[in-house]
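Student: Pasting a structure below so you can have a look.
The values are calculated or read from the model by the stated rules, or taken from the named source; none is laboratory data. Keep in mind the model is a prediction, meaning the values are calculated, not measured. Positions of Cβ are backbone-derived with ideal geometry, glycine not excepted, and every protein chain shown enters the neighbour counts.
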Amino acid sequence: MTTDGLRAVNELSFDDEVLKASVPVLVDFTAAWCAPCRALKPMLSELASELRGRLEVVTVDGDESPGIAQRYGVRGFPTLIVFSAGHEVARSLGLTSKAKLLKLLCAGPAAGLL
């Protein structure tokens, strides 16, 4: 399923779509009622389009899949987590800019992903 050009994953598909992915995955933990989450979606769609083939961008609705949010300690929305080879390598909480997202993807433990 896609929302705003982003693929939605849930508790049934998370492990296959995220942890077993062959490329890094940026997971947007979101909620329908979250205004900052809605503001972030166009930027994430743009990033997914620009980095197609090198990065997957997916969304997890924290209200519909609370087990995944709990599993990764998500306490607020939006929370963005970057996974590579099945492991968390970077995290950001709250509304952010595209420049900061790119920095998140290219710095620290996520360095060299793109």
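Student: Can Pro78 be described as modelled with pLDDT of 95 or more and not small (Gly, Ala, Ser)?
Tutor: Working: modelled with pLDDT of 95 or more: yes; not small (Gly, Ala, Ser): yes.
Judged against the criteria, Pro78 is a match.
Student: Here's something else I'd like to know. Collect the residues in region 34-71 that are touching a residue at least 24 places away in the same chain (Cβ under 8 Å), in a loop (DSSP other than H, G, I, E, B) and over 13 Å from the mean Cα position of the chain (by Cα), keeping them in residue-number order. Show your work before the answer.
Tutor: From region 34-71, those touching a residue at least 24 places away in the same chain (Cβ under 8 Å) are 34, 36-37, 39-49, 51, 53-65, 67-69; that's our starting set.
After this cut, where a residue has to be in a loop (DSSP other than H, G, I, E, B) as well, the list is 34, 51, 53-55, 62-65.
Scanning region 34-71 gives Cys34, Leu51, Gly53, Arg54, Asp63, Glu64, Ser65.
Student: Go through the residues of region 22-29 one by one and say whether even a single one is without any contact (Cβ under 8 Å) to a residue 12 or more places away in the chain, surrounded by fewer than 12 Cβ atoms within 10 Å (Cβ to Cβ) and part of a strand (DSSP E or B).
Tutor: For region 22-29, residues without any contact (Cβ under 8 Å) to a residue 12 or more places away in the chain, surrounded by fewer than 12 Cβ atoms within 10 Å (Cβ to Cβ) and part of a strand (DSSP E or B): absent.
Student: What are the residue pairs meeting all of these: first residue in region 86-108, first residue within 24 Å of Glu17 (Cβ to Cβ), second residue modelled with pLDDT under 90 and not hydrophobic (A, V, I, L, M, F, W, C), Cβ atoms under 7 Å, and 6 or more apart or on different chains?
Tutor: Val89/Pro109; Ala90/Gly108; Ala90/Pro109
Student: Now for a separate question. Among the residues of region 29-56, write down those that are among the aliphatic types (A, V, I, L, M) and in contact with a Phe, Trp or Tyr (Cβ under 7 Å, 6 or more places away or on another chain). Write out each step before concluding.
Tutor: Let us first name the residues in region 29-56 that are among the aliphatic types (A, V, I, L, M), namely 31-32, 35, 39-40, 43-44, 47-48, 51, 55.
Within region 29-56, just Ala31 meets the criteria.
Student: Regarding Val23, is this residue in contact with a helix residue (DSSP H, G or I) (Cβ under 6 Å, 6 or more places away or on another chain), among the aliphatic types (A, V, I, L, M) and modelled with pLDDT under 95? Reasoning before the result, please.
Tutor: Values: in contact with a helix residue (DSSP H, G or I) (Cβ under 6 Å, 6 or more places away or on another chain): no; among the aliphatic types (A, V, I, L, M): yes; modelled with pLDDT under 95: yes.
For Val23, the condition - in contact with a helix residue (DSSP H, G or I) (Cβ under 6 Å, 6 or more places away or on another chain), among the aliphatic types (A, V, I, L, M) and modelled with pLDDT under 95 - is not met.
Student: Okay, next question. Residues in region 1-18 that are surrounded by 13 or more Cβ atoms within 10 Å (Cβ to Cβ), modelled with pLDDT under 95 and of a type in the set (S, T, N, Q): how many?
Tutor: Selection size over region 1-18: 1.
Student: Assess whether Phe83 counts as being surrounded by 13 or more Cβ atoms within 10 Å (Cβ to Cβ), out of contact with any His (no Cβ under 9 Å at 6 or more places or on another chain) and part of a loop (DSSP other than H, G, I, E, B). Quick ask: steps written out before the conclusion?
Tutor: Numbers: surrounded by 13 or more Cβ atoms within 10 Å (Cβ to Cβ): yes; out of contact with any His (no Cβ under 9 Å at 6 or more places or on another chain): yes; part of a loop (DSSP other than H, G, I, E, B): no.
When the stated conditions are applied, Phe83 does not pass them.
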